[in-house]
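Remarks on the structure that follows.
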Amino acid sequence: VASRKTRRLIDKSKTFHVTCGVTICIFSVLHVAAHLVNALNFSENYNEDFLAINAAHYRGEDPRKLLFATVPGLTGVFMVLVLFLMCTASTYAIRISNYDIFWYTHNLFFVFYMLLMLHVSGGVLKYQTNLEEHPPGCFNPNKTLRENMTVPKAFEEPFPNHTTEPFPEDLSVPEPFVQNNFMRICSEEPKFQSHFPETWFWISGPLCLYCVERLYRYIRSNKPVTITSVISHPSNVLEVRMIKDDFQARPGQYVILHCPRVSGLESHPFTLTMCPTDTKATFGVHLKVVGDWTERFRDLLLLHSNQDTEILPIFQQRRYPKLYVDGPFGSPFEESLNYEVSLCVAGGIGVTPFASVLNTLLDGWKRYKLRRLYFIWVCRDVESFRWFADLLCMLHDKLWQENRPDYINIQLYLSQTDGIQKIIGEKYQALNSRLLIGRPRWKLLFDEIAKCNRRKTIGVFCCGPNKISKILHKLSNSSNSYGTRFEYNKESFS
């Protein structure tokens, strides 16, 4: 997609997915409520004159029979149950506490759509087949005339009670039955027929596209990767480096990891912190151990290791569990190298998408449009900065050697401290001078960047807590007196 604005809009696919889900739930409540009212009306207002379009069989029939003893009713009940499970298990609290529940219930969508195609096969919905012979609101002389009005004597003899002949066309219709010359004569009783199910027509296409996409992704990721090394970092962060044939990726993209020994069906997205280049085929991810899946994955990788850091050559590699990689997938952070000026803000482990960007700049920055990078990283504890401290120092030294010290502006913020005097250590002197205690003053920061980059378009990239994201989004949309424009981009796994 050529347009940068369109790419940001397409990246909102997850938000669009949630919106569609909420919409389905709202209209499902209305749909079910209407059916409950209808079931009651069918039973209470049973009329033998409308046998063809009444779902009930007799007056006073238990409405529960219509709900639990018919195909539309029974499938509807199961669909409501499935939708309820999917909706409740999608809440943030359940996703965080037990992701397995969310994952398995959300995949019930396939059952939901199968039931939806069966839902209309009971023949409850009907249409009239003889509209020409019996148009809506027509005058039926054999029925309407005798039941609703006093018939003039001139019309009594030609139409005795047992007659079945249609109203003669050569006789004039009494004045009460003629309304603005729109009244038509019924030549026969209305006839109804069940609708042929059409739900499959609307659902089968998208489901086929989905199945084709899943098949393509399965074929693309059916070969396990070769894990070259596993590194345990401070603050419960694990780094996994891998090799895969014909794997190509750009900085900022992410992959989906699937480990059958951890979970047969469950898989999770992780941003690439190291991308393959022309000189090396290795790529890697950093993952923070925060849930049951990551805990089991860490235990499998470090099962026989007593060391915090382990890097083994391929020919000495231990027997790691099989790991499958699907991707890479696009991300807004790919654009960080396509702005002349970029502002990258990370919170904690949210630094991962920027790590691949920094690794790419370490290999060479001159071929990219980017000429100035503001990198801000906020962490709670000082040990977290060690995840990429070596990378930051190497990039800092490289740019100083190439006489471009202003290319990257690094600001590290330690939001919590327990009286630490020596922040990182002698090894990382370049970072010690850039580490500040507290939280960034975002408004002043934006004003300073706007002042130094007058009338330029600056890409703002954020991966971190929602609180920081909302502040940056608001500041990006606010105007300034320097003519500087900020374009906001946020990480969102689809």
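The values are calculated or read from the model by the stated rules, or taken from the named source; none is laboratory data. For clarity, every value in this text was computed on a predicted model and none was experimentally measured. Note: ideal-geometry Cβ built from the backbone for every residue, glycine included; neighbour counts use all protein chains shown. Ligands, DNA and RNA are excluded from the accessible area calculation, which covers all protein heavy atoms including side chains. Shrake-Rupley method; radii C 1.70, N 1.55, O 1.52, S 1.80 Å.
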Roll a 1.4 Å probe over the protein chains and send me the accessible area per residue for region 332-490 in Å².
48
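Give the accessible surface of region 1-124 per residue, rounded to a whole number of Å², with probe radius 1.4 Å and ligands, DNA and RNA excluded.
That works out to 67 Å² per residue.
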State the antiparallel share, in %, of DSSP beta bridges confined to the chain, rounding to the nearest 5.
50
Sorted on mean Cβ neighbours within 10 Å (highest first), peptides 458-464, 71-77 come out as 458-464, 71-77
Listed by chain and number, the lysines with an alpha carbon less than 20 angstrom from that of Lys12, same-chain partners under 8 positions apart left out, are Lys467, Lys470, Lys474, Lys490
With only helices counted (DSSP H, runs n ≥ 4, each -39500 (n - 2.57)), the per-residue ellipticity at 222 nm for the chain, to the nearest 500, works out to -11500 deg cm²/dmol
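Counting Lys and Arg as +1 and Asp and Glu as -1, each charge on the Cβ, what is the dipole of the chain about the Cα centre in debye, to the nearest 20?
Values: 55 positive and 47 negative charges, 694 e Å.
Roughly 3340 debye, rounded to the nearest 20.
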Rounded, prolate or oblate for region 332-490? Axes are the square roots of the Cα gyration tensor eigenvalues, ordered a ≥ b ≥ c, and the cut-off for rounded is a/c under 1.5.
oblate
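Pairwise over distinct Cα atoms, reciprocal of the mean inverse distance: report the Kirkwood radius of the chain in Å, one decimal place.
One over the average 1/r among Cα pairs gives 28.6 Å for the chain.
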Answer rounded, prolate or oblate for region 425-494, using the Cα gyration tensor with square roots of eigenvalues a ≥ b ≥ c: rounded when a/c is under 1.5, else prolate when a/b is larger than b/c, else oblate.
oblate
For the chain, with all protein chains present and a 1.4 Å probe, just round the carbon and sulfur fraction of the accessible area to a whole percent.
57
Multiply the residue separation of Gln248 and Asn41 by 0.36 nm, subtract the distance between their alpha-carbon atoms, and state the gained length in nm to one decimal.
68.3 nm
Can you give the net charge of the other residues whose Cβ lies under 12 Å from the Cβ of Val357, counting K and R as +1 and D and E as -1?
-2
If you average the C-alpha positions of region 1-64 and of region 183-206 separately, how far apart do those two centres end up, in angstrom?
19
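For region 1-91, take the alpha-carbon Rg, divide it by the Kirkwood Rh, and send me Rg/Rh.
Numbers: Rg = 20.0 Å, Rh = 16.1 Å.
Rounded to two decimals, Rg/Rh equals 1.25.
Based on the alpha-carbon set only, what is the convex hull volume of region 211-289 divided per residue, in Å³?
So the per-residue hull volume is 114 Å³.
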